[in-house]
Amino acid sequence: MYNISVLPKLIKHILCETPNSQKTEIFGWVRTKREMKNLVFVEVNDGSCFAGIQCTFDRGAGIDTQTEAALAVLSTGASVKITGNLVPSPAEGQVVEIAATALMTLGDAAAENVSGQTADLDIQAYPLQKKRHSLEFLREIAHLRPRTNTFGAAARLRSRMAFAIHRYFQERDFHYLHTPIITAGDCEGAGAMFQVTTLDPKELAKQPADYSKDFFGKKTFLTVSGQLEAETYASAISRVYTFGPTFRAENSNTARHLAEFWMVEPEVAFAELEDDMALAEDFLKYVFNSALNECSDELAFFDAHVEKGIIENLRQVAGAKFTHITYTDAIKELEKAVAGNSELFEFEPRWGCDLQSEHEKFLTENTAGGPVIVTDYPKEIKAFYMKQNDDGKTVRAMDVLVPRLGEIIGGSQREDNLERLIKRMSEMSLKTEDYSWYLDLRRYGSVPHSGFGLGFERLLQYVSGLANIRDVIPFPRAVGQAEF
Ligand code: 4AD
Ligand code: MG
């Protein structure tokens with residue numbers, strides 16, 4: 001990483017410098033203040049890395065009155081500028097420290113409640129005092145939680161993983177495509193869409209409402225997936241990917257569902273299901289390796305404090321071949337397991353029904369002992385656009401399942417035959433006139449093509465071990481939750 005010279009130095013860079021008593025300025029937030037005889041130790045953190053830098057004030061050596069006054073009221077959470085010299089540290093566990101001479105408090109953080117002249121000016125004590133807080137409590141203060149080690153690490157991991165994803169695709173001739181956020185179609189056909197409208201409530205209450213009067217002249221929604229639009233560009237420039245927010249109004253209050261999440265969707269022309277699976281595996285391994293190499297401090301922290309063994313687990317997965325199994329064989333495996341223990345699952349596995357997360361867990365953790373790609377699902381439980389197999393029952397779908405989490409990727413080969421696609425759409429009561437542009441891709445220069453969607457937050461959950469998806473996105477949106 002470059003140390004950009006036009007901005008104040010970050011603590012992560014200062015900690016790597018050779019201590020030569022050079023004059024140094026520190027900017028950050030106070031983690032702790034301790035006093036011992038004539039010495040005052042202030043640990044400052046700026047979130048650029050886990051470690052803070054220790055700044056030692058020596059009253060014996062003389063401190064100016066302004067600094068003395070600032071030190072007297074300094075408390076955890078305050079933002080400061082500290083000036084001093086970078087010297088070798090006599091303390092254990094740190095190579096350098098600041099022999100500090102001046103302290104300027106930029107912003108206080110009250111250690112106790114302070115009442116103001118009006119209620120608006122009242123200030124509650126800074127909620128992040130030096131003790132361990134539960135993830136549930138921190139979720140309620142999502143605007144302050146990035147100042148903790150866990151959420152600082154989650155934020156750095158998220159940013160670097162996003163960059164690694166772009167790098168993977170950019171270096172392999174995939175073009176980053178911006179698909180619309182507002183759409184008129186339902187890509188997944190699951191009906192879990194947020195409506196976008198400027199119609200007034202009186203108009204909306206009419207049965208039926210007149211959407212020709214709405215902003216776009218038709219009924220519109222927030223997108224659930226950029227796939228259909230990505231297919232148009234894959235059918236022109238061969239390899240594209242999207243990476244953007246997607247929205248689902250699913251009423252599922254689980255640890256792996258959000259109403260607003262980020263999805264990565266590559267789409268590749270001239271690629272069949274086997275190519276798609278190979279791409280998904282290569283891509284995931286690349287991203288896992290990037291996490292191991294580029295976020296080693298963060299992973300070490302998650303391994304120690306969040307999910308034991310996460311590093312070893314990622315290493316193993318990055319080195320092993322993913323297991324492939326058809327949906328039909330997966331159901332047989334699950335049925336066999338039930339025959340041995342009828343209490344094993346809450347939901348009975350049955351051909352034709354979607355796999356429940358307990359089934360996904362069993363397949364990864366017991367059947368395969370690692371990631372599994374399940375293929376060829378019954379057409380009834382998958383979206384209209386998937387390529388139909390000759391058996392008339394299944395489609396060329398693939399889901400990548402991983403231990404602890406279940407589905408991390410969903411993808412498929414797309415139906416490229418116009419007649420078959422139209423037939424399937426009418427079976428599913430979809431109006432072809434709503435999808436005429438999509439069908440044009442099958443009318444003009446149709447090619448076999450495939451793609452998948454990775455839930456970015458699911459990836460972050462898997463890599464960090466954070467069990468709740470609301471802890472890997474800065475401001476989670478879920479049923480009943482749109483704070484901040
Ligand atoms: O399986 P899904 O619904 O597939 C699609 O949307 C396809 N159009 C993708 C494609 O082929 N281009 O969603 C893809 C992935 C899931 O595997 C899961 O990781 C994630 O998106 N996902 C969610 N993540 C968080 N919260 C939710 N509510 C999610 N729904 C799906
Ligand atoms: Mg899916």
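Values in this text are rule-based calculations from the coordinates and carry no lab data. Every value quoted in this text rests on a predicted model; they were computed, and no experiment measured them. Reconstructed Cβ throughout: ideal geometry from the backbone, glycine too, with neighbour counts over all protein chains shown.
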Margin query: Once you keep just the Cα pairs under 8 angstrom separated by 6 or more residues, what percentage relative contact order results for segment 89-246?
Written below: 18 percent
Notebook entry, point to check: If you take the beta carbon distance between R315 and Q117 as r and set R0 to 41 Å, what does 1/(1 + (r/R0)^6) give as a FRET efficiency, to the nearest 0.05?
Noted result: 0.10
Item checked: Between segment 417-444 and segment 137-178, the Cα center-to-center distance that results, in Å -> 37 Å
Next item on the list: Take each of the peptides 248-258, 430-440, average the number of other beta-carbon atoms within 10 Å over its residues, and list them starting from the highest.
Entry: 248-258, 430-440
Item checked: Hz values of 3J(HN,Hα) by residue in segment 127-133 - Karplus curve (6.51, -1.76, 1.60), Gly and Pro given as x -> x, 9, 6, 5, 7, 7, 10
Checklist line | Length-normalised contact order for segment 19-175 - Cα pairs under 8 Å, 6+ apart - percent | finding: 20 percent
Checklist line | segment 1-61: relative contact order as a whole-number percent, Cα under 8 Å and 6+ apart | finding: 28 percent
Check: Based on the Cβ-Cβ distance from K206 to S426, what FRET efficiency comes out when R0 is 30 Å, to the nearest 0.05?
Finding: 0.55
Notebook entry, point to check: For segment 1-77 and segment 271-316, what is the separation of their C-alpha centers, rounded to whole Å?
Noted result: 35 Å
Check: Given the convex hull over the Cα atoms of segment 356-484, what projected area results after averaging over all orientations, in nm²?
Finding: 10.6 nm²
Next item on the list: Using only the alpha-carbon atoms of the chain, report the extent along each of the three principal axes, biggest first, to the nearest angstrom.
Entry: 87, 57, 49
Margin query: Can you pull out the GluC sites (Glu not before Pro) in segment 322-404 whose DSSP state is coil and whose Cβ has at most 12 other Cβ atoms within 10 Å?
Written below: E343, E346
Check: In terms of modelled amide H atoms, which long-range or inter-chain residues lie less than 5 Å from the amide H of W262?
Finding: T246, F456, E457
Note to self: To test your reading of the geometry: what angle, between 0 and 90 degrees and rounded to tens, separates the Cα axis of helix 418-427 from the longest principal axis of the chain?
What the structure shows: 80 degrees
Item checked: Pairs beyond 31 Å (Cα-Cα), from K332/K431; K218/K387; K285/K431; K12/K308 -> K332/K431; K285/K431
